[in-house]
Structure formats: C-alpha cells, structure tokens
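As structure tokens, the structure follows; a few thoughts come after it.
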Amino acid sequence: MATTTNTTPSPIKSLSLPFKTRVKVTAINFATDIVRRTDGTINRILMNLLDRRVGPNPTPYNSVSTHDVVFDPSNNLWFRLFVPHKSDVVSFPIIVFFHGGGFAFLSAASNAYDAVCRRFARKLNAVVCSVEYRPSPEHKFPSQYEDTFAVLKFLDNPDNRKNLPFWPEKADLSTVFFAGDSAGGNLAHHLAVNYAKSSSTFTLLKVIGLVNIQPFFGGKERVNSEIELEGAPVVSMDRTQWLWKAFLPDGLDCDHWAVNVSGPNAIDISRVEYPPTLLFVGGFDPLKDWQKRYYEWLRRNGKDVKLVEYSSAIHAFYVFPELPEAELLFAEVKEFFNNQISKVRRTKI
C-alpha cells in the first residue's frame with residue numbers, strides 16, 4: 001500500500017533575514033543549547049562567558065545615563081535605571097521593564113537589553129527601570145513574581161527614592177507602564193494582575209498601561225504555530241519544554257495558570273482593573289498562537305487590548321535594530337504611551 005507524505009513546504013523556508021541577524025541568531029541558539037544540561041541545570045560559568053554584559057554609565061551617552069539600584073539586598077536584586085537628559089519636557093513617564101530569556105538566561109545588564117532600554121528611554125522620553133530578577137532553575141516559580149512585586153513596593157516608597165541622588169525629579173509615578181518581552185512579558189502580565197488586585201496598597205504609583213512583546217506563554221498541548229514553525233530562530237519546542245520544566249516546581253505542569261494564562265486554570269480577571277495593553281506578535285514566532293489566545297482571552301474579559309502583528313517578525317525581533325519591524329515597534333509604543341498619558345491628564349483636569 002502506497003504511503004503519502006506531506007509536501008507542504010515549511011513556512012520557515014520563506015523567512016529571509018539579514019546576514020547580521022542570522023549570525024546573531026546562530027550565536028543565541030548555540031549559547032542557549034550548549035549551557036543547558038540534561039539534569040535540568042545551567043552551566044552558569046559558561047553562560048556568563050557567552051552573555052556579554054555592560055556596566056552602568058552615569059555619564060550621558062546618546063542623551064541617556066544609567067545607574068544600578070539595589071532594591072532587595074537579601075537576594076542581591078537590583079534594577080538598572082535609565083534616565084533621559086531632556087530639559088524641554090514637563091515630566092517623564094516610568095517604564096518598569098522585564099527582560100526575556102526564558103526566566104533562565106540573560107540579565108538587565110546584558111548588552112542587548114541595555115541597548116533596548118536605552119532606546120526606550122531616548123525615543124519615548126521615559127525613565128526606565130530594567131529589573132534583575134532571580135533566574136530559574138536555581139529559583140523556581142513563584143520567586144520571579146515575588147521579585148517583580150518587590151520592585152514596585154520599592155519605587156512606591158518615597159524614602160527609597162530620597163537615597164537616590166540620580167533619581168530624576170521629573171519622573172512621574174502617576175504614569176507608570178509595565179513592559180517586557182518573552183519571559184519578561186509573562187512577568188509583566190502577572191504583575192499587572194497582582195498590582196490590580198492590590199492597587200489600594202500603593203500610595204503614589206499608578207499603572208496606566210502594559211506593553212507586552214511576544215510573551216512567553218504555553219500549555220500541555222502543542223499548538224499549530226509550534227508545530228509549523230519548528231526550526232524558527234530562537235524558539236523551539238525542545239527549548240521551551242526545558243525552560244518550563246526549569247521554571248515550575250515539581251508537581252506542576254504547563255497548564256498551570258503561570259504558563260497557560262488563558263487555559264483551564266486561568267485566573268479570573270473579569271473584575272480586575274487590568275491596564276490597557278499593547279500586544280506584539282511575530283509571524284515567525286512559534287509562540288504566536290499562545291499569544292493570540294491571550295489576546296482573545298483579554299477581549300472576552302472586557303479588557304482594552306490592541307494586537308499588533310508583524311508577519312515577517314521572529315521571536316525577539318525588536319532587539320535586532322537592523323530589522324525594520326524594530327523601528328515600527330518603537331513608533332507603535334510611542335503612540336500608545338501618548339494616548340494613555342493624554343487620557344490620564346484629561347481625567348486630572
């Protein structure tokens with residue numbers, strides 16, 4: 001009996017990337033694969049050698065200075081503060097940013113994220129707090145969620161800011177945005193829920209928007225995009241399964257609400273004042289179907305969310321400034337910021 005084979009060409013074959021990007025992606029794939037051990041641990045010594053990091057620079061570079069601020073000495077946690085040096089603005093919105101890396105890799109000091117946050121500060125005239133949270137597998141869920149909430153409490157306390165001579169007077173705690181990509185997008189989402197449930201405990205800090213860039217969500221099933229885009233840059237089913245196992249404590253699976261945010265165990269957000277959200281999805285991101293489910297879930301719960309999809313974008317596209325979609329993202333975010341800030345100012349009149 002003759003057998004048939006699927007001759008449908010893989011969508012990956014139509015992906016075209018600049019040579020510079022292909023080199024970077026190859027390096028990322030190599031690094032994330034070589035440091036992962038079969039026993040579920042990470043070779044941190046090797047990872048630190050492969051992950052190029054940069055220190056803070058208090059001298060303005062491209063109109064932005066940077067400073068590292070410890071917010072949790074007991075866990076050696078800090079955030080990198082990006083301060084724009086523009087004298088012609090009345091106030092600066094604040095971005096609380098969470099980097100990607102599958103909860104296990106990279107840092108607020110990683111060169112790529114230092115550069116991205118510097119661009120956010122410069123292009124958006126915003127103060128950026130890029131948060132260093134505890135990594136998995138050394139620190140399992142919910143450690144990372146606890147860290148994100150701790151930084152908000154630190155920022156809300158005026159005594160903490162008094163001890164920071166470089167904290168800009170024009171930083172406006174009544175116009176705070178959460179932002180993150182990949183695992184950082186997962187953290188930003190859950191922080192938005194946690195903040196909304198406890199907003200009355202904050203004195204000054206007000207969250208007015210969420211920028212979620214290709215968040216790292218998943219589930220026990222394999223969605224179409226994961227299957228059809230196997231072999232895409234950066235993300236693979238093997239890597240995501242390893243990372244979820246590294247993140248979740250024993251006994252929890254990928255239908256846990258931290259992973260499958262819109263799934264059978266989803267948190268009820270119908271009565272939660274979830275912030276207006278700008279969601280980015282890439283056509284060549286294997287996680288895009290999970291991200292679109294998240295979008296539909298927010299809509300079903302009556303939340304204000306806008307979906308922006310770039311059909312040719314790979315996972316983490318915006319950290320590659322040579323890709324045209326990266327510039328488009330910053331333009332979209334700027335418009336979103338302006339709209340949300342205008343709404344807040346109108347309510348104050």
Notebook entry, point to check: Taking K and R as +1 and D and E as -1, what net charge do the other residues with C-beta under 13 Å from the C-beta of H256 add up to?
Noted result: 0
Note to self: If a paramagnetic tag sat 7 Å from the Cα of R346 along the Cα-Cβ line, which residues of the range 186-213 would have the backbone N under 19 Å from that point?
What the structure shows: 207-210
Next item on the list: Calculate, in nm to one decimal, what L252 and I267 gain on full extension: separation in residues at 0.36 nm each, minus their alpha carbon distance.
Entry: 3.8 nm
Next item on the list: Leaving out ligands and nucleic acids, note down the accessible area per residue over the chain with a 1.4 angstrom probe, in whole Å².
Entry: 45
Check: Nearest 10 degrees, 0 to 90: what angle lies between the long axis of helix 19-34 and the longest principal axis of the chain (Cα atoms)?
Finding: 80
Margin query: What's the magnitude of the charge dipole for the range 19-348 around its Cα centre, counting Lys and Arg as +1 and Asp and Glu as -1 at the beta-carbon? Answer in Debye, nearest 20.
Written below: 800
Checklist line | Given charges at Cβ of Lys, Arg, Asp, Glu: the range 19-348 dipole, positive-most of L210, S174, P286 | finding: S174
Checklist line | Local electrostatic count, L187, Cβ distance below 13 Å [Lys/Arg +1, Asp/Glu -1] | finding: -3
Checklist line | Theoretical FRET efficiency, 1/(1+(r/R0)^6), r = Cβ-Cβ of T59 and W167, R0 25 Å, to 0.05 | finding: 0.90
Notebook entry, point to check: Relative to the longest principal Cα axis of the chain, at what angle does helix 111-124 sit, 0 to 90 degrees, rounded to 10?
Noted result: 50
Check: In terms of the Cα gyration tensor, with a ≥ b ≥ c the square roots of its eigenvalues, is the range 283-346 rounded because a/c is under 1.5, prolate because a/b exceeds b/c, or oblate?
Finding: oblate
Margin query: Considering only protein heavy atoms and a probe of 1.4 Å, how much of the accessible area of the chain is carbon and sulfur, as a whole percent?
Written below: 52
Checklist line | the chain: antiparallel DSSP beta bridges as a percent of all, rounded to 5 | finding: 35
Notebook entry, point to check: What spacing in nm lies between the two simple spin-label points modelled at K245 and L46, each 7 Å away from Cα in the Cβ direction?
Noted result: 1.7
Note to self: Once ligands and nucleic acids are excluded and a 1.4 Å probe is used, how much of E309 is accessible, expressed in Å² to the nearest 10?
What the structure shows: 80
Next item on the list: With everything on Cα atoms, drop me the angle between helix 324-348 and the longest principal axis of the chain, reported from 0 to 90° to the nearest 10.
Entry: 40
Checklist line | Entries of K140/K197; K20/K288; K24/K123; K123/K306; K153/K220 with Cα pairs more than 26 Å apart | finding: K153/K220
Item checked: Charge sum, other residues only, whose C-beta stays under 14 Å from S143's C-beta, Lys/Arg counted +1 and Asp/Glu -1 -> -3
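The values are calculated or read from the model by the stated rules, or taken from the named source; none is laboratory data. Computed from a predicted model, the values in this text were never measured in an experiment. Don't worry about glycine lacking a Cβ; one is built from the backbone with ideal geometry, like all the others, and counts go over all protein chains shown. All accessible areas refer to the heavy atoms of the entire protein, side chains included, with ligands and DNA or RNA removed. Shrake-Rupley method; radii C 1.70, N 1.55, O 1.52, S 1.80 Å.
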